[in-house]
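Participant: Input: one structure, supplied below.
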Amino acid sequence: MKTIKFTLLFILIATIANAQAPAIEWEKCFGGTSYEFGSSIIQTSDGGYIAAGKTVSTDYDAVDNHGGYDVFIVKLSANSTTEWIKCLGGSYDESAHCIIETSDHGFIVAGSTLSNDGDVSGNHGASDGWVVKLDSFGEIEWQKCYGDTCNDVLHTVIPMDDGGYICFGNIELSDQHFVNPQIKRKGWALKIDSLGNVESSQTYGGTSRTSFNAVTPTRDGGYLITGHKTPDGSDDANVWFLKINEMGTVEWEMGYGNVDDRFYDVTQLAEGSFIAVGESVYHGELPIVMYTGVVLKISESGAFRWRQEGIHPMGQYYSVAVVSNNHFVIGGHCPNTIDEDIVLIKMTYSGNVVWQKYYGGVNAEYFSSFQQTADHGFILMSRTLSAWTGYHGGSDMWIAKLSPETGIVELDPTLQFQVYPNPTQNILNLQIDPALLDSPYKVYSITGQLVHFGNLTSETMQLNLESFIEGIYLLQIGNQTQKIVKIK
């Protein structure tokens with residue numbers, strides 16, 4: 001066991017052109033008089049936003065609840081007007097863990113269900129992984145349950161180039177799948193087609209008990225997964241990183257020996273390394289257990305680079321997003337004065353803090369999700385106990401739009417190409433180092449989907465982005481990546 005230590009490793013503060021953290025532009029609460037929990041929020045192609053979570057309320061925004069916890073979906077316009085709200089589920093409990101926009105401007109929700117009535121059919125027993133396809137108005141086009149007869153969940157869904165989806169989560173497999181009759185929890189990858197039909201289902205970890213916490217697409221077309229692995233005969237779940245290729249074949253795995261660390265999100269940086277964020281558990285005098293946020297960097301091949309603990313002894317980090325070729329932003333919560341507040345922290349690739357900002361009210365806020373928006377601001381979601389705009393009571397889903405940060409000038413002289421204007425409405429100009437001529441280029445969506453590719457045929461070129469939906473994209477040339485933003 002660890003002894004309590006308050007080592008503050010986020011000491012170096014990088015000030016870049018008097019950087020100022022984002023401010024709240026608007027904020028709203030959604031839910032009823034009981035409890036709402038958020039899990040995933042994104043900006044949509046129409047400039048608006050969609051948020052997913054769960055609700056146990058039966059009034060106000062959740063008047064259509066089917067019973068227990070329902071999946072709770074809120075669609076907003078760009079100026080924060082509510083377009084529609086949906087409660088999805090059956091008589092028992094449902095939860096949404098991830099929502100993405102589809103190519104037809106509908107949505108895919110991944111989560112779990114205990115029901116087999118209402119909006120849910122085909123449950124295999126206990127909790128199933130649940131995927132729901134919605135149209136642009138939130139109406140169900142199809143839904144499918146996936147899993148075994150025990151407790152299964154899907155927490156990530158990623159679009160594929162063939163129009164289908166790959167989902168990640170955890171499944172408990174019974175003796176019909178193992179000679180050993182012991183039920184084992186396994187990290188799970190599920191490939192489905194555009195209508196939800198299963199194309200492949202695979203578990204990982206051999207005979208060990210495993211679980212997946214977070215997944216990110218990688219620039220080579222594969223996926224990096226973080227979770228836990230518990231060998232047979234052991235009760236210690238070690239942090240586990242697993243790299244698979246686009247076919248699901250394991251390329252490498254890394255056992256990270258610190259049993260007190262837990263990682264809840266991971267992303268790949270422009271230079272190829274990975275950043276994972278989560279928490280580290282400190283055991284003091286029983287029954288005291290404390291947490292601090294933790295950030296881990298590993299190489300593209302899985303080698304340890306560095307680890308840093310947060311500036312507050314009770315913080316927890318849940319999300320990380322790359323915001324430039326040199327920086328990433330972490331989202332989480334930690335005590336600020338009295339109660340928990342949301343905290344966003346911008347850091348350099350080397351681990352120096354550029355800025356840190358708290359967001360909160362009189363009572364507690366608990367971080368759920370955030371994403372950088374097309375205007376270089378952020379959309380933020382949390383669970384709140386404070387009386388923000390439209391607060392209904394209990395704990396509401398709280399959504400806040402944050403402004404772009406100010407005073408930031410980021411130049412990357414190491415890049416062998418430049419792009420302008422960025423953001424752009426249609427035409428993106430490329431100025432290319434002659435050494436890159438005849439090299440291939442690829443453009444990926446923010447979710448890792450390949451949307452355009454070609455070859456560099458001239459030192460000055462133009463890319464026509466007219467057919468792209470509004471949002472953030474990544475232009476990859478060789479081993480260098482530049483973020484580009486398409487606006488209306």
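The values are calculated or read from the model by the stated rules, or taken from the named source; none is laboratory data. Predicted model, so just to flag it, every value in this text is computed and none were measured. Counting neighbours? That spans all protein chains shown, and the Cβs are built from the backbone with ideal geometry, glycine included.
Participant: Test Gly360 against the stated conditions and say whether it is in the same structural domain as Gly47 (by TED's automatic domain parsing) and either in contact with a Leu (Cβ under 7 Å, 6 or more places away or on another chain) or in contact (Cβ under 8 Å) with a residue 12 or more places away in the chain (or both).
Facilitator: Working: in the same structural domain as Gly47 (by TED's automatic domain parsing): yes; either in contact with a Leu (Cβ under 7 Å, 6 or more places away or on another chain) or in contact (Cβ under 8 Å) with a residue 12 or more places away in the chain (or both): yes.
Considered against the rule, which asks whether it is in the same structural domain as Gly47 (by TED's automatic domain parsing) and either in contact with a Leu (Cβ under 7 Å, 6 or more places away or on another chain) or in contact (Cβ under 8 Å) with a residue 12 or more places away in the chain (or both), Gly360 comes out as yes.
Participant: Of all residues being at pLDDT 95 or above and touching a Gly at 6+ places or on another chain (Cβ under 9 Å) in the range 302-332, which is nearest to Leu385 (Cα to Cα)? Just the residue, please.
Facilitator: Filtering first and then ranking leaves Gly332.
Participant: What pairs can you find where one residue is in the range 475-488 and more than 12 Å from Arg219 (Cα to Cα), the other is aromatic (Phe, Trp, Tyr), and their Cβ atoms are less than 9 Å apart, with a gap of 6+ or different chains?
Facilitator: Gln482/Phe417; Lys483/Tyr473; Ile484/Tyr473; Val485/Tyr473; Lys486/Phe468; Lys486/Tyr473
Each row is one residue, and each column tells you yes or no for (1) touching a residue at least 60 places away in the same chain (Cβ under 8 Å); (2) small (Gly, Ala, Ser); (3) crowded, with 22+ Cβ neighbours inside 10 Å; (4) touching a Pro at 6+ places or on another chain (Cβ under 8 Å).
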site: Tyr366; (1), (2), (3), (4): no, no, no, no
site: Ser369; (1), (2), (3), (4): yes, yes, yes, no
site: His376; (1), (2), (3), (4): yes, no, no, yes
site: Arg383; (1), (2), (3), (4): yes, no, yes, no
site: Ala387; (1), (2), (3), (4): no, yes, no, no
site: His392; (1), (2), (3), (4): yes, no, no, no
site: Trp398; (1), (2), (3), (4): yes, no, yes, no
site: Lys401; (1), (2), (3), (4): yes, no, yes, no
site: Glu405; (1), (2), (3), (4): yes, no, yes, yes
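Participant: Would you tally the residues in the range 120-143 being outside any strand (DSSP E or B) and over 23 Å from the mean Cα position of the chain (by Cα)?
Facilitator: Kept after step one, since they are outside any strand (DSSP E or B), are these residues of the range 120-143: 120-127, 135-139.
The next check asks that each one be over 23 Å from the mean Cα position of the chain (by Cα); those that pass are 120-126, 137, 139.
Residues meeting the conditions: 9.
Participant: Give the range 221-259 a look and list any residue that's in a loop (DSSP other than H, G, I, E, B), farther than 15 Å from Ile166 by Cβ and either among the charged types (D, E, K, R) or within 22 Å of the chain's Cα centre (by Cα) (or both), or say none.
Facilitator: Step one: of the range 221-259, the residues in a loop (DSSP other than H, G, I, E, B) are 221-222, 231-237, 245-249, 257-259.
Subset that is farther than 15 Å from Ile166 by Cβ: 231-237, 257-259.
Within the range 221-259, Asp232, Asp235, Asp236 meet the criteria.
Participant: Sort out for me the strands (runs of 3 or more DSSP E) sitting completely within the range 369-488 that have 1 or more residues that are of a type in the set (S, T, N, Q). Steps first, answer last, please.
Facilitator: Values: elements: 378-384, 396-402, 417-420, 427-432, 440-445, 450-455, 460-464, 471-477, 480-486.
Answer list for the range 369-488: 378-384, 417-420, 427-432, 440-445, 450-455, 460-464, 471-477, 480-486.
Participant: Sort out which residues of the range 113-147 are aliphatic (A, V, I, L, M), touching a residue at least 40 places away in the same chain (Cβ under 8 Å), farther than 15 Å from Ile192 by Cβ and crowded, with 16+ Cβ neighbours inside 10 Å, and write them in order of number.
Facilitator: Those that are aliphatic (A, V, I, L, M), touching a residue at least 40 places away in the same chain (Cβ under 8 Å), farther than 15 Å from Ile192 by Cβ and crowded, with 16+ Cβ neighbours inside 10 Å: Leu114, Leu134.
Participant: Are any of the residues in the range 459-479 farther than 30 Å from Pro159 by Cβ and outside the structural domain of Thr373 (by TED's automatic domain parsing)?
Facilitator: Step one: of the range 459-479, the residues farther than 30 Å from Pro159 by Cβ are 459-460.
After this cut, where a residue has to be outside the structural domain of Thr373 (by TED's automatic domain parsing) as well, the list is 459-460.
Scanning the range 459-479, I find at least one residue that is farther than 30 Å from Pro159 by Cβ and outside the structural domain of Thr373 (by TED's automatic domain parsing), so the answer is yes.
Participant: Tell me, which residue of the range 37-58 that is more than 17 Å from the chain's Cα centre (by Cα) and touching a residue at least 24 places away in the same chain (Cβ under 8 Å) is surrounded by the most Cβ atoms within 10 Å (Cβ to Cβ)?
Facilitator: Within the range 37-58, the subset more than 17 Å from the chain's Cα centre (by Cα) is 45-48, 55-58.
Applying the additional criterion that residues be touching a residue at least 24 places away in the same chain (Cβ under 8 Å) yields 45-48, 55, 57-58.
Working: Ser45: 17, Asp46: 17, Gly47: 17, Gly48: 17, Thr55: 31, Ser57: 24, Thr58: 16.
My answer is Thr55.
Participant: OK, next. Cβ-Cβ under 6 Å, sequence separation 6+ or interchain: first residue in the range 59-87 and in the same structural domain as Ser112 (by TED's automatic domain parsing) and in a loop (DSSP other than H, G, I, E, B), partner buried (at least 16 other Cβ atoms within 10 Å of the Cβ) and β-branched (Val, Ile, Thr). Which pairs?
Facilitator: Partner pairs satisfying both residue conditions: Asn65/Thr58; Tyr69/Val56.
Participant: Follow-up question, since we're still on this one. How many residues does the range 228-251 contain that are on the phi > 0 side of the Ramachandran plot and in contact with a strand residue (DSSP E or B) (Cβ under 8 Å, 6 or more places away or on another chain)? Show your work before the answer.
Facilitator: Within the range 228-251, the subset on the phi > 0 side of the Ramachandran plot is 233, 248.
Those left that are additionally in contact with a strand residue (DSSP E or B) (Cβ under 8 Å, 6 or more places away or on another chain): 248.
Total meeting the criteria: 1.
Participant: Evaluate the following for Gln449: is it among the polar types (S, T, N, Q), at pLDDT below 90 and in contact with a Pro (Cβ under 6 Å, 6 or more places away or on another chain)?
Facilitator: yes
Participant: Pull up the range 333-362, narrow it to residues that are out of contact with any strand residue (DSSP E or B) (no Cβ under 7 Å at 6 or more places or on another chain) and in a strand (DSSP E or B), then point me to the one that is nearest to Thr389 (Cα to Cα).
Facilitator: Residue satisfying both the conditions and the ranking: Asp339.
Participant: Spot the failing condition for Ala387; the list is (1) of a type in the set (A, V, I, L, M, F, W, C); (2) more than 26 Å from the chain's Cα centre (by Cα); (3) more than 30 Å from His333 (Cβ to Cβ), and only one is missed.
Facilitator: With respect to (1) of a type in the set (A, V, I, L, M, F, W, C); (2) more than 26 Å from the chain's Cα centre (by Cα); (3) more than 30 Å from His333 (Cβ to Cβ), Ala387 is out only on (3).
Participant: Given the conditions (1) aliphatic (A, V, I, L, M); (2) in contact with a Lys or Arg (Cβ under 7 Å, 6 or more places away or on another chain); (3) crowded, with 16+ Cβ neighbours inside 10 Å, and given that Leu475 satisfies all but one, which numbered condition is not satisfied?
Facilitator: (2)
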